[in-house]
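One structure is given here, and the rest of the page talks about it.
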Amino acid sequence: MRIFLAEDNEDNYLVVKSNLRKLHEPVELLWAKDGQLGIDMLSQEIDIDIFLIDIEMPRVDGLELTHWIRSQERFQNKPVIAVTASVFAEMKKMYMEKGFDYILEKPFARKDLLDMLEEVIASR
């Protein structure tokens with residue numbers, strides 16, 4: 001399984017990376033430090049299974065990156081998870097309208113991340 005993470009905070013990347021080892025299947029993690037790097041990397045990628053997208057990033061934010069992901073035919077049906085501290089009801093609604101399938105609230109516990117990923121994997 002290939003998971004793409006767009007996250008500008010290296011500590012958050014390391015947390016995700018270390019927790020992915022706990023999943024029941026092997027995972028290759030691809031990481032972009034901002035949304036523009038994400039677009040650049042994904043322009044060369046064909047097969048991503050799950051996207052984890054931070055909302056607030058420099059240059060290109062998570063909303064713009066997700067819009068770009070959804071515009072790519074090869075990624076249109078892939079699950080996209082918003083990773084954000086902005087989880088007010090109106091924000092959640094807007095994220096779903098902008099193309100996200102799930103929302104993972106920061107800061108998240110290992111169990112929250114793994115439970116969400118297991119749910120996404122089971123629903124594929």
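The values are calculated or read from the model by the stated rules, or taken from the named source; none is laboratory data. As the structure is a computational prediction, the values presented were derived from the model and not from experiment. Virtual Cβ from ideal backbone geometry, glycine too; neighbours counted across all protein chains shown.
Before moving on, here are some points about what is shown:
- Residue list for segment 84-109, filter: out of contact with any Phe, Trp or Tyr (no Cβ under 7 Å at 6 or more places or on another chain) and β-branched (Val, Ile, Thr): Thr84, Val87
- Of residues in segment 77-111 being small (Gly, Ala, Ser) and touching a Lys or Arg at 6+ places or on another chain (Cβ under 8 Å), the one nearest to Lys22 (Cα to Cα): Ala85
- Those residues of segment 57-112 which are surrounded by fewer than 19 Cβ atoms within 10 Å (Cβ to Cβ), part of a loop (DSSP other than H, G, I, E, B) and either of a type in the set (A, V, I, L, M, F, W, C) or in contact with a Cys (Cβ under 6 Å, 6 or more places away or on another chain) (or both), in sequence order: Ala85, Val87, Phe88, Phe108, Ala109
- Boolean, Asp40 is within 16 Å of Arg59 (Cβ to Cβ) and not in a strand (DSSP E or B): yes
- Lys17 meets each of the listed conditions (1) assigned to a helix (DSSP H, G or I); (2) in contact (Cβ under 8 Å) with a residue 60 or more places away in the chain apart from (2).
- Filtered residues of segment 100-117 (kept if in contact (Cβ under 8 Å) with a residue 24 or more places away in the chain and within 21 Å of Leu14 (Cβ to Cβ)): Leu104, Lys106, Phe108, Arg110, Leu113, Leu114, Met116, Leu117
- Within segment 79-99, residues that are at pLDDT below 90 sit with their Cβ atoms under 7 Å from residues that are in a loop (DSSP other than H, G, I, E, B), at 6+ positions apart or across chains, in these pairs: Ala85/Lys106; Ser86/Ile55.
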